[in-house]
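J.: This structure is in structure tokens; I'll ask about it shortly.
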2 protein chains.
Amino acid sequence: MPVINKQKTTKTATLSRNSEATKTQLLDAAEVEFAVTGLIGARMEAIAAHTGVTKATIYYYFPSKEELYRAVLGRCFTEALGMMEQLQLDCLPADAALVRLLEQMLDCMSQNPRIGSILSLEAIQNKGKYYPKHLGDLLYGTIIEILNQGMTAGVFRELEPRHTAVNIVGTCTFYFTAQENLKYLWPGKRLLGKDLLQRHRQESIDLIMAGVRN
Amino acid sequence: MPVINKQKTTKTATLSRNSEATKTQLLDAAEVEFAVTGLIGARMEAIAAHTGVTKATIYYYFPSKEELYRAVLGRCFTEALGMMEQLQLDCLPADAALVRLLEQMLDCMSQNPRIGSILSLEAIQNKGKYYPKHLGDLLYGTIIEILNQGMTAGVFRELEPRHTAVNIVGTCTFYFTAQENLKYLWPGKRLLGKDLLQRHRQESIDLIMAGVRN
DNA sequence: AAATTTACTGACTCATTAGTTAGTTTAACC
DNA sequence: GGTTAAACTAACTAATGAGTCAGTAAATTT
């Protein structure tokens, strides 16, 4: 393993055996593990092994399994939050804004389907204890706002915005979280392959838009 | 605890300390446990304690944790299958048939939201290893058939039936499985309470029907 | 090059867990 | 009322898992 440090004496930016990289790798491995097993089911040993370090190394970076879980959630949803914030929907009419938001959500799930699994497990196993409410507020708040706007403008039919928002999010996530139960519906095809994903994206947007439009 | 047996000598129907009842109670407790933790996370001790017996009693009835899990799944989906089969949708036009099916699915989830959780966990944790394919075939097969029929009849728009079927099931389940993450959207209200449930049922049906109709 | 700090490990502890077994209690049948 | 079989338990085993700690190796500083 050559090349550890590129800059030599830039403050504390570079660390001896590259602790920043190790930490990131641990978070990556932990994300995968938590996305399959949830908090309780996750094995610290498995996370360590997958990272190529010993279990004790995890405790060098994170005080406990629970805090590691919090860190994983934090990183996931900071990402998602960033994507949401750069959407700039205010200047768009309601229907265009909703299409844009749907595209973003579906692409987000395609890029990292683990987010959906983690949130599902979080709800089912931990009763939402670690659920990042500010993300929920932002996501559901944005959808509800768009729906209200659309109703006022007359482009959307009269609907209950909160229930509809929940159903929209459900539509954007189910395909990904239930993947493994659904795969036999498309024998021999990869559900996260380019063509099926593309098709699913379009079908989901069409269904929702037809569902809300007047 | 008085009254154990009502009929006295009806074959082997009545058992000494009522084994049939114990078995049912064990399955009930196991269903609750598995619906929260999944197969790997479930604690046999917890299932036993909740039933009011010792752990060893479970092994008197079931050879292993895995077989207990299989038995729980079996019972859940025999129920669901029974509900599906008595629907009699063949004689109905596509749109009425879909409404009927949606009502049934939503009511099924309302009555036992654990089904959705168990299926979600099954997909995420076990990669669908124990997923009852015959149930999936029946459910998705029925929806796809109705959608095709509706397109032929011209009452439904041109859509891809499989993706749409997945989205329909997603809409019918997400509210229930993600309950605990969503509760803060309705502060002070019970998501599975009569009024919210009723409202959600109607909103979901409206969204889907508007989404598929021509 | 010696001293110090940072990154990391091996070998532990103690709690928990699936599964077992030998034995006990309760009811059923004669 | 004594025998037998079914229902159930207490007390185990063996394995695994979260978390600890003393110590080592590599890099950085002096």
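J.: For residues in the stretch B:142-156 being in contact (Cβ under 8 Å) with a residue 60 or more places away in the chain and farther than 16 Å from residue B:101 by Cα, which is surrounded by the most Cβ atoms within 10 Å (Cβ to Cβ)?
T.: Looking at residues that are in contact (Cβ under 8 Å) with a residue 60 or more places away in the chain and farther than 16 Å from residue B:101 by Cα, I get B:155.
J.: May I ask you to list pairs of residues, at least six apart or on different chains, whose Cβ atoms are under 7 Å apart, with the first in the stretch B:22-46 being farther than 19 Å from residue A:123 by Cα and within 14 Å of DNA strand D (Cβ to nearest atom) and the second being part of a helix (DSSP H, G or I) and among the basic types (Lys, Arg)?
T.: Taking only residues 6 or more apart or on different chains, the pairs are B:27/B:75; B:44/B:55; B:44/B:65; B:45/B:55.
J.: As an exercise: evaluate residue B:182 against (1) under 24 Å from residue A:162 (Cβ atoms); (2) facing chain A (nearest Cβ under 8 Å); (3) surrounded by fewer than 17 Cβ atoms within 10 Å (Cβ to Cβ) and give the number of the one condition it does not meet.
T.: (3)
J.: Does the stretch A:92-100 include one or more residues that are on the phi > 0 side of the Ramachandran plot and outside any loop (DSSP other than H, G, I, E, B)?
T.: Within the stretch A:92-100, none of the residues are on the phi > 0 side of the Ramachandran plot and outside any loop (DSSP other than H, G, I, E, B).
J.: I'd like to know if the stretch A:57-64 contains one or more residues that are part of a helix (DSSP H, G or I), among the β-branched types (Val, Ile, Thr) and at pLDDT below 95.
T.: no
J.: Here's something else I'd like to know. So how many residues does the stretch B:33-50 have that are over 21 Å from residue B:179 (Cα atoms), more than 9 Å from DNA strand C (Cβ to nearest atom) and within 14 Å of another protein chain (Cβ to nearest Cβ)?
T.: 0
J.: Give just the number: which of (1) touching a Lys or Arg at 6+ places or on another chain (Cβ under 7 Å); (2) away from chain A (no Cβ under 13 Å) does residue B:149 not satisfy?
T.: If we test residue B:149 against (1) touching a Lys or Arg at 6+ places or on another chain (Cβ under 7 Å); (2) away from chain A (no Cβ under 13 Å), just (1) comes out false.
J.: Given the structure, is residue B:213 touching a residue at least 40 places away in the same chain (Cβ under 8 Å), at the interface with another protein chain (Cβ under 10 Å from one of its Cβ atoms), touching a Lys or Arg at 6+ places or on another chain (Cβ under 8 Å) and over 29 Å from residue A:141 (Cα atoms)?
T.: When the stated conditions are applied, residue B:213 does not pass them.
J.: Quickly run through the stretch A:48-93 and pick out the residues that are β-branched (Val, Ile, Thr) and more than 10 Å from DNA strand D (Cβ to nearest atom).
T.: The answer is A:51, A:53, A:72, A:78.
J.: Take residue A:190 and decide whether it is out of contact with any Ser or Thr (no Cβ under 6 Å at 6 or more places or on another chain), within 7 Å of chain B (Cβ to nearest Cβ) and farther than 15 Å from residue A:99 by Cα.
T.: The answer is no for residue A:190.
J.: While we're here: Among the listed residues B:202, B:198, identify the single one that is within 23 Å of residue B:101 (Cβ to Cβ), free of Cβ contacts under 8 Å to residues at least 60 places away in the same chain, under 20 Å from the mean Cα position of the chain (by Cα) and more than 10 Å from chain A (Cβ to nearest Cβ).
T.: Within the list B:202, B:198, the selection yields B:198.
J.: Also: Taking into account only those residues within the stretch B:47-57 that are in contact with a Ser or Thr (Cβ under 8 Å, 6 or more places away or on another chain) and aliphatic (A, V, I, L, M), which is nearest to residue B:123 (Cα to Cα)?
T.: Checking each candidate, the answer is B:48.
J.: Could you pull out the residue among A:13, A:30 that is more than 9 Å from DNA strand C (Cβ to nearest atom) and modelled with pLDDT under 95?
T.: After applying the criteria, what remains is A:13.
J.: Here is a list: A:159, A:139. Which entry is within 7 Å of chain B (Cβ to nearest Cβ), free of Cβ contacts under 8 Å to residues at least 60 places away in the same chain and more than 21 Å from residue B:115 (Cα to Cα)?
T.: A:159
J.: While we're looking at this one, here's another question. So is residue A:122 within 23 Å of residue A:33 (Cα to Cα) and among the acidic types (Asp, Glu) or not?
T.: When the stated conditions are applied, residue A:122 passes them.
J.: Which condition breaks for residue B:53 when tested against (1) within 13 Å of DNA strand C (Cβ to nearest atom); (2) part of a helix (DSSP H, G or I); (3) β-branched (Val, Ile, Thr)?
T.: In the conditions (1) within 13 Å of DNA strand C (Cβ to nearest atom); (2) part of a helix (DSSP H, G or I); (3) β-branched (Val, Ile, Thr), residue B:53 misses (2) alone.
J.: With the checklist (1) hydroxyl-bearing (Ser, Thr, Tyr); (2) assigned to a loop (DSSP other than H, G, I, E, B); (3) in contact (Cβ under 8 Å) with a residue 40 or more places away in the chain in hand, flag the one item residue B:131 doesn't pass.
T.: Checking residue B:131 against (1) hydroxyl-bearing (Ser, Thr, Tyr); (2) assigned to a loop (DSSP other than H, G, I, E, B); (3) in contact (Cβ under 8 Å) with a residue 40 or more places away in the chain, the one that fails is (3).
J.: Which residues, counting only those in the stretch A:59-82, are over 23 Å from residue A:119 (Cβ atoms) and without any contact (Cβ under 8 Å) to a residue 40 or more places away in the chain?
T.: Correct list: A:59, A:60, A:63.
The values are calculated or read from the model by the stated rules, or taken from the named source; none is laboratory data. Everything numeric here is computed off the predicted structure, so don't read it as measured data. Don't worry about glycine lacking a Cβ; one is built from the backbone with ideal geometry, like all the others, and counts go over all protein chains shown.
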